[in-house]
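Only one structure is covered here, and it is reproduced in the block below.
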Amino acid sequence: MPTPLRVFSNGGGVQSSAALVLSARGEIDFPIHLWSNVGDDSEHPASLKYVREVLMPYAAANGIEFHELRKKRRDKQERTLYQTIMNPESKAIQIPVRMSNGSPGNRSCTVKFKIDVIESWLYHHKVKIDNPAIVGIGISVDEIQRAGRGKEGKRSRRTYPLLDLGLRRSDCLKIVAEAGLPEPPKSSCYFCPFHRIQTWSEMRRDEPELFEKAAHMEDTINERRASLNRDPVYLTDKARPLREAVGVAQDGFWTTVVDDGDGESCDSGHCFT
């Protein structure tokens, strides 16, 4: 049987950037990195800029294939996560919005916009179910609880090279710096309900247009739910609309009580799996 294809699911954050450097240095064996972009209208602009202006040129200069992938509908048209959520005919929310009691609702964004997109790429590159690809995920030791979560693809088997090397996030930052690369931003959709309150507060201060776009999304979701006689949902665990739940960050303190919550990100490439 042929040697399985080895690819790395790159999320564009700290751990994934370190994995790219380690791949270039030959310390881990992942000659192909796949970045599943959920949409230029969905990913945080800083993440888009970092991947395209830092990681892609670095990969090209060091002999690593780096592919940007996007979700496509059956008619071959691209579909972003933002478009899917804002579609008036959409019944599912896709992202893990917070219910009225603060608990996260169901999410399908990771599967549909990350895992399935990579599975489609593997299928079109002749990866067989009986000889699945080895897909590296950038989870470090300090977030080991995230390893093994979620759906395993039919044509892929996950592996965790940063765990094998015993690397923490701080180690990954050093690896990135040693390569002469700037520090990566935290990778996630700007409207992700897993943002810490601090992150929302800083967004409201530094990126008010982005914050307002997220708030408008929340409004749109709840207008749709109200028309269906359903309870409202929220982008934070405060059981209040985003504009009411989040104050503006001011010189190291917050105008609202800080409760950091989960604070997970998409740094690993497969989001929360």
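Principal semi-axes of the equivalent ellipsoid, √(5λ) from the alpha carbon gyration tensor of segment 112-154, are 23, 11, 9 Å from largest down. If you build a Gaussian network model of the chain, linking Cα atoms that sit under 10 Å apart, which residue out of Pro185, Pro104, Pro208 swings the most? The residue that fluctuates most here is Pro208. The trypsin sites (Lys or Arg not before Pro) found in segment 35-70 include none that occupy coil by DSSP while having at most 10 further C-beta atoms within 10 Å. Scanning residues 5 or more positions from Ala133 or on other chains, those with amide H under 5 Å from its amide H are Ser156, Arg157, with H placed 1.01 Å from N in the peptide plane. Relative contact order (percent) for the chain, with alpha-carbon contacts under 8 angstrom and 6 or more residues of separation? After rounding, I find 27 percent.
For segment 1-53, the normalised intensity computed at q = 0.27, 0.29 Å⁻¹ comes to -1.06, -1.15 (log10 of I(q)/I(0), Debye sum over alpha carbons, equal scatterers, no solvent). Springs join every pair of Cα atoms under 10 Å in this Gaussian network model of the chain, and among Glu202, Glu68, Glu244 the largest mean-square fluctuation is at Glu244. Computed on segment 1-145, with alpha-carbon pairs under 8 angstrom and 6+ residues apart, the relative contact order is 32 percent.
Using the Cβ of Val117 as centre and a radius below 9 Å, the other residues enclosed give a net charge of +3, where K and R count +1 and D and E count -1. The GNM of the chain, with springs linking C-alpha atoms under 10 angstrom apart, assigns the highest mean-square fluctuation among Ser100, Ser23, Ser227 to Ser227. Across segment 11-89, the relative contact order, built from alpha-carbon pairs under 8 Å that are at least six residues apart, equals 35 percent.
Quick note: the coordinates plus some simple rules give every number you see, no bench work behind them. Being a predicted model, the structure only gives us computed values, none of them experimental. Every residue, glycine among them, receives a Cβ derived from its backbone with ideal geometry; neighbour counts consider all protein chains shown.
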